[in-house]
Amino acid sequence: MKVMVTGGCGFMGSDFVRNAVKKGYNVVVIDKLTYAGDERRISEIREKIRLYKIDISHYKELKEIIFNEKPDIIVHYAAETHVDKSILLPDKFIYTNIVGTFNLLQACRDFLKDFLFIHISTDEVYGELPKDRDIKFKETDPLMPNSPYSASKASADHIVNSFVKTYKFPAIILRASNNYGPWQHPEKLIPLTIARVLLNKKVPVYGDGKQVRTWLFVNDFTIAIFKVIENGRIGEVYNIGSDEEKENIEVVKKILKLLGKNEDLIEFTSDRPGHDLRYALDTEKAYKHLGWKAETSFEEGLRRTINWYVENKEWLLEKLMEAEEFKSKILKYYSRLN
Ligand SMILES: NC(=O)c1ccc[n+]([C@@H]2O[C@H](COP(=O)([O-])OP(=O)(O)OC[C@H]3O[C@@H](n4cnc5c(N)ncnc54)[C@H](O)[C@@H]3O)[C@@H](O)[C@H]2O)c1
């Protein structure tokens, strides 16, 4: 069985690629290798896969690869993923997340016969939830995205859905909550916090840090994809999240505690404009259709994650340098807005 993974050198895509190779899939990766992509994430199985370094927003190159490779399954992770970057530099999000997704759909429709297209989306497409009520997003809820990132992902979801309805295109959409684990770029909260704490530097926290996110260990998400390949129903959308709802400040304090540092390192900064208060997913449908639910507790996942970054400090600090440059730019921008 041949599986093509877009964004297979990214944080989540590489976890799937490593595991798909172990399971005996014939794996082909498409990745532009932007600042967020890194071949080292798949070095342990590099000899066993084919990697095409191309941009999915360039149709000509993309269609040739799809025509030549003729995959049975496409798992579409490739995207621009950093919300802050989408606020300062939204253009790339439109090209990659919307045009790139459209190109993939077109190429699959033109050149493939029997295949399954798994589109990776996010809980952020639903917009935000109130903090004080015990409600969660269901797959049938309307999409009301608030950032250029989530709007570009919601646009892609709509286009995928339109292909399903119009052309009977064999796609399944997964909407994931915040993933964390080894190999995540330190532009994101958990590795950023770990990196700064390891350097004994202040840890920036947006606003009052009371925003709530649901945390899913990346390997649990990978397992969900294998379940979708086995049991997923064409045309369906599945929410893939956990019950581990945490305020950002709680996450930061937990990391400080596990690394033996005190809370003086926390530094509150200007908030991100349009910062959603809370996301939470109802995952009942994934359990019923796929037999999937999150297995790794936040406690256990976070311990494993911290251990990995401590052991791979060199990689983390190399990536932190890039992240810090952008972080200082965006903080200046937000402080001018507030
Ligand atoms: N990380 C999360 O918490 C999270 C949560 C929900 C959904 N998602 C979704 O999951 C997917 C993967 O997220 P991630 O955190 O692993 O992202 P990431 O930023 O770590 O990796 C993205 C990958 O896509 C590649 N890429 C970017 N633009 C490209 C282009 N134009 N052509 C080809 N490749 C390109 C990058 O080089 C990189 O390897 C994304 O679609 C994202 O929206 C992520």
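Structure summary
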read-out	value
The one condition in (1) in a helix (DSSP H, G or I); (2) more than 19 Å from the chain's Cα centre (by Cα); (3) within 27 Å of Asn146 (Cβ to Cβ) that Ala323 fails to fulfil	(2)
Residue that is surrounded by the fewest Cβ atoms within 10 Å (Cβ to Cβ) [pool: residues in segment 1-35 that are within 15 Å of Phe115 (Cβ to Cβ) and in contact (Cβ under 8 Å) with a residue 60 or more places away in the chain]	Met1
Residues of segment 201-222 that turn out to be among the aliphatic types (A, V, I, L, M), crowded, with 20+ Cβ neighbours inside 10 Å and farther than 17 Å from Leu265 by Cα, as a count	2
Segment 104-150, residues that are under 24 Å from Ala286 (Cβ atoms) and aliphatic (A, V, I, L, M)	Leu104, Leu105, Leu116, Ile118, Ile120, Val125, Leu129, Ile135, Leu143, Met144
Any hit, segment 164-172, residues being within 12 Å of the ligand (Cβ to nearest atom) and either hydrophobic (A, V, I, L, M, F, W, C) or surrounded by 19 or more Cβ atoms within 10 Å (Cβ to Cβ) (or both)	no
Output for segment 88-101, where each listed residue is surrounded by fewer than 19 Cβ atoms within 10 Å (Cβ to Cβ), more than 10 Å from the ligand (Cβ to nearest atom) and in a helix (DSSP H, G or I)	Leu88, Asp91, Ile94
Residue match in segment 202-210 (condition: out of contact with any strand residue (DSSP E or B) (no Cβ under 8 Å at 6 or more places or on another chain), among the small types (Gly, Ala, Ser) and in a loop (DSSP other than H, G, I, E, B))	no
Cross-chain or 6+ apart pairs with Cβ under 7 Å, segment 45-61 first and free of Cβ contacts under 8 Å to residues at least 40 places away in the same chain and closer than 18 Å to Phe111 by Cβ, then part of a loop (DSSP other than H, G, I, E, B) and near the ligand (Cβ under 9 Å from one of its atoms)	Ile54/Lys32; Glu61/Ile54
Members of segment 1-37 that are closer than 22 Å to Phe67 by Cβ, of a type in the set (Lys, Arg) and within 14 Å of the ligand (Cβ to nearest atom)	Lys32
Ala171 being small (Gly, Ala, Ser) and farther than 16 Å from Ile234 by Cβ	no
Of all residues in segment 115-150 being under 21 Å from Trp215 (Cα atoms), within 15 Å of the ligand (Cβ to nearest atom) and of a type in the set (A, V, I, L, M), the one that is surrounded by the most Cβ atoms within 10 Å (Cβ to Cβ)	Val125
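Each row is one residue, and each column tells you yes or no for (1) in contact with a strand residue (DSSP E or B) (Cβ under 9 Å, 6 or more places away or on another chain); (2) part of a strand (DSSP E or B); (3) farther than 25 Å from Gln184 by Cβ.
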{"site": "Gly13", "(1), (2), (3)": "yes, no, no"}
{"site": "Lys60", "(1), (2), (3)": "no, no, yes"}
{"site": "Ser86", "(1), (2), (3)": "no, no, no"}
{"site": "Gln106", "(1), (2), (3)": "no, no, yes"}
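FYI, it's all coordinate maths here, none of it is from the lab. Because the structure is predicted, anything quoted here is derived from the model rather than measured. All Cβ positions, even for glycine, are placed from backbone atoms using ideal geometry, and neighbour counts span all protein chains on display.
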